[in-house]
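What follows is a single structure, written as structure tokens, with notes after it.
The values are calculated or read from the model by the stated rules, or taken from the named source; none is laboratory data. Computed from a prediction, not measured in an experiment: that's the story for all the values here. Counting neighbours? That spans all protein chains shown, and the Cβs are built from the backbone with ideal geometry, glycine included.
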Amino acid sequence: MNFRKVLIYGAIACCNGMGDVMLKRGMMDVGTVHLSHWQHVFTAFLSPWTILGICCLAGFFYSYLTALSWADLTYVLPATALGYVVTAVLSKYFLHEYISVWRWTGVLLISAGVGLVTRGPSVTHQHVPPVREEQHELA
Amino acid sequence: MNAVRLWTAIGVLVLSSSTGDVLLSAAMKRVGDMDALRRRHGLFAVIARVIREKYFLSGLVCLIFSFFCLLTALSWGEVSLVAPASASLTYICSVLLAKFFLKENVDHRRWIAAALVCVGVALLAK
């Protein structure tokens with residue numbers, strides 16, 4: 001696994017986890033949204049935490065697409081689950097939430113799965129070339 | 001009856017989410033290495049290239065549809081069941097679809113990893 005793969009895997013996991021935690025932090029400022037006053041949910045966009053969360057999730061989508069452009073889906077998918085690990089750690093130390101033993105076991109299993117898949121090849125070589133002529137249009 | 005309705009919603013959610021992932025993956029393989037494209041042509045040209053890809057748009061539609069299925073399933077069942085069940089089943093379904101439609105080489109290592117991630121995600125909701 002080279003430095004580029006580590007970087008993109010880290011970006012997927014961190015942006016996904018941090019995005020979720022920041023959205024949660026932003027919604028804590030907003031408070032409970034009742035169905036009778038659903039418009040109240042838009043005040044979330046005034047919170048800098050929510051804006052940061054959305055930026056993180058946009059970064060996650062960009063990193064995810066970048067990884068999919070040179071790696072198999074079955075290689076990239078565990079990285080998205082690694083985001084849950086980041087969420088669990090940030091929830092404990094940043095939001096001061098209680099994480100049960102079951103959750104830590106889940107974190108351990110996901111980490112083991114990611115460790116296992118990243119030790120193998122990242123892409124299945126097939127004979128389908130990328131669409132060259134459309135790439136030339138960009139030039 | 002309610003259980004059947006709930007599991008149907010979860011099933012549709014899992015299928016649409018996995019199909020979305022597979023279509024995005026197929027689209028990005030057709031686009032080619034995004035890093036290399038960005039270095040050569042810039043970020044906006046890459047975005048323009050990606051959104052012109054029909055598989056990308058179909059994948060996006062599937063993911064948006066799966067989001068509404070998630071909301072529907074959440075309105076019919078408890079979050080402690082819907083979230084882990086849909087997330088972990090989506091992993092297994094995506095691996096199956098990637099193997100048969102994208103012809104990815106899913107060896108023992110990737111199957112074990114998918115199973116570990118699937119159980120791990122389910123445990124996170126406990």
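Can we say B:Leu89 is more than 18 Å from the chain's Cα centre (by Cα), farther than 23 Å from A:Trp70 by Cβ and crowded, with 20+ Cβ neighbours inside 10 Å? No: the conditions fail for B:Leu89.
A Cβ distance below 9 Å, combined with a sequence gap of six or more or placement on separate chains, defines the contacts here; from the stretch B:72-94, residues that are within 20 Å of A:Leu77 (Cα to Cα) reach residues that are outside any helix (DSSP H, G or I) in the pairs B:Ala83/B:Ala125; B:Pro84/B:Ala125; B:Pro84/B:Lys126; B:Ala85/B:Gly77; B:Ala85/B:Ala125; B:Ala87/B:Ala125. Counting the residues of the stretch B:92-126 that are in contact with a Gly (Cβ under 9 Å, 6 or more places away or on another chain) and either within 15 Å of A:Ile110 (Cβ to Cβ) or acidic (Asp, Glu) (or both) gives 17. Regarding B:Ser66, is this residue of a type in the set (S, T, N, Q), facing chain A (nearest Cβ under 9 Å) and closer than 30 Å to B:Val121 by Cα? Answer is no for this residue. The set of residues from the stretch A:98-118 being more than 7 Å from chain B (Cβ to nearest Cβ), more than 20 Å from the chain's Cα centre (by Cα) and not in a helix (DSSP H, G or I) comprises just one member, A:Tyr98. Taking the stretch A:58-87 as the range and being more than 7 Å from chain B (Cβ to nearest Cβ), more than 13 Å from the chain's Cα centre (by Cα) and of a type in the set (Gly, Ala, Ser) as the test, only A:Ala71 passes.
Scanning the stretch B:92-107 for residues that are facing chain A (nearest Cβ under 7 Å) and either assigned to a helix (DSSP H, G or I) or under 14 Å from the mean Cα position of the chain (by Cα) (or both) yields B:Ser94, B:Val95, B:Ala98, B:Leu102. With A:Ala67, A:Ala79 as the choices, which residue is outside any loop (DSSP other than H, G, I, E, B), within 30 Å of B:Ile112 (Cα to Cα) and modelled with pLDDT under 80? Being outside any loop (DSSP other than H, G, I, E, B), within 30 Å of B:Ile112 (Cα to Cα) and modelled with pLDDT under 80 holds for just one of A:Ala67, A:Ala79, which is A:Ala79.
Can you pull out every residue in the stretch B:108-121 that is surrounded by fewer than 21 Cβ atoms within 10 Å (Cβ to Cβ) and within 7 Å of chain A (Cβ to nearest Cβ)?
First pass over the stretch B:108-121, keeping only residues surrounded by fewer than 21 Cβ atoms within 10 Å (Cβ to Cβ): B:108-109, B:111-112, B:115, B:119.
Scanning the stretch B:108-121 gives B:Arg109, B:Ile112, B:Val119.
Residues in the stretch B:16-37: is at least one modelled with pLDDT under 90, surrounded by fewer than 16 Cβ atoms within 10 Å (Cβ to Cβ) and within 7 Å of chain A (Cβ to nearest Cβ)? Yes; the residues of the stretch B:16-37 include at least one that is modelled with pLDDT under 90, surrounded by fewer than 16 Cβ atoms within 10 Å (Cβ to Cβ) and within 7 Å of chain A (Cβ to nearest Cβ).
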